[in-house]
1. In straight Cα distance, which lysines are under 23 Å from Lys8, not counting same-chain residues fewer than 8 positions off?
2. So what are the ³J(HN,Hα) numbers for segment 51-58, from phi and the Karplus equation (6.51, -1.76, 1.60; θ = phi - 60°), rounded to whole Hz, Gly and Pro as x?
3. Using the Cα centre of segment 1-50 as the reference point, and only Cβ charges (+1 on K/R, -1 on D/E), how large is the resulting charge dipole? Debye, rounded to the nearest 20.
4. Please figure out what share of the DSSP beta bridges in the chain is antiparallel and state it in percent, rounded to the nearest 5.
5. Just the C-alpha atoms of segment 6-61: what Rg/Rh do they give, with Rh taken as the Kirkwood radius?
6. Take the chain, mark every one of the trypsin sites (Lys or Arg not before Pro) that falls in a DSSP loop and has at most 10 other Cβ within 10 Å, then report the longest stretch left between them, sites excluded.
7. Tell me, what HN-Hα J-couplings in whole Hz come from the Karplus equation 6.51 cos²θ - 1.76 cosθ + 1.60 at θ = phi - 60° for each residue of segment 26-36, using x for Gly and Pro?
8. Towards the positive end of the charge dipole of segment 12-69, with charges on Cβ (+1 Lys, Arg; -1 Asp, Glu), say which of Thr27, Val49, Ser67 has the farthest Cα.
Amino acid sequence: MVNHHYAKWLNSYQWDYFATFRSPYKTNYMTVRNWMKQISAKHPYVYKVFYVTEWDKGDPRNSHTHSLIASNKDIAYIDFNDSVSFAVGDWQSVYDNQKITSYVTKFIGRKNINYDLIDF
């Protein structure tokens, strides 16, 4: 139930991009926080990011991070991907705020789900 409240709250913001981040190495809370610092340093026009790290269905030892990105400038996938040290597996413009906020919050409230909203 808590995930529905987060989705509703996140829907009050306008998101420009949805992305999925991965690493071939084991990640932890600080790994993803450092990824967010990279985004801030490399893309000063990004002013807000929400992220949630969830476990892979096929291999619960691995995880991936979904993110919602708000930006004052258009960002091409190739420019974003080339500027960060982690893999950007999915990159798309947000066309339906309500659907994407519901999707990224689907596991919030479960055990060991890391998430945060960062204003740069």
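1. By straight Cα distance, Lys8 reaches Lys48, Lys99, Lys106, Lys111.
2. 9, 9, 9, 10, 7, 5, 5, x
3. Working: 7 positive and 1 negative charges, 37 e Å.
So the dipole magnitude of segment 1-50 works out to roughly 180 debye.
4. Numbers: 26 of 27 bridges.
Counting only bridges with both partners in the chain, antiparallel ones make up about 95 percent.
5. Values: Rg = 13.2 Å, Rh = 13.3 Å.
Here the Rg-to-Rh quotient is 0.99.
6. Details: sites that count: Lys26, Lys57, Arg61, Lys73, Lys111.
The longest uninterrupted stretch comes out as 74-110.
7. 5, 10, 9, 3, 6, 4, 5, 4, 5, 4, 5
8. Of the listed residues, the answer is Thr27.
Read-outs throughout are calculated quantities, based only on the coordinates presented, and are distinct from any laboratory measurement. Note that this is a predicted model, so its numbers are computed, not measured. Glycine also receives a Cβ, built like all others from the backbone with ideal geometry; neighbour counts cover every protein chain displayed.
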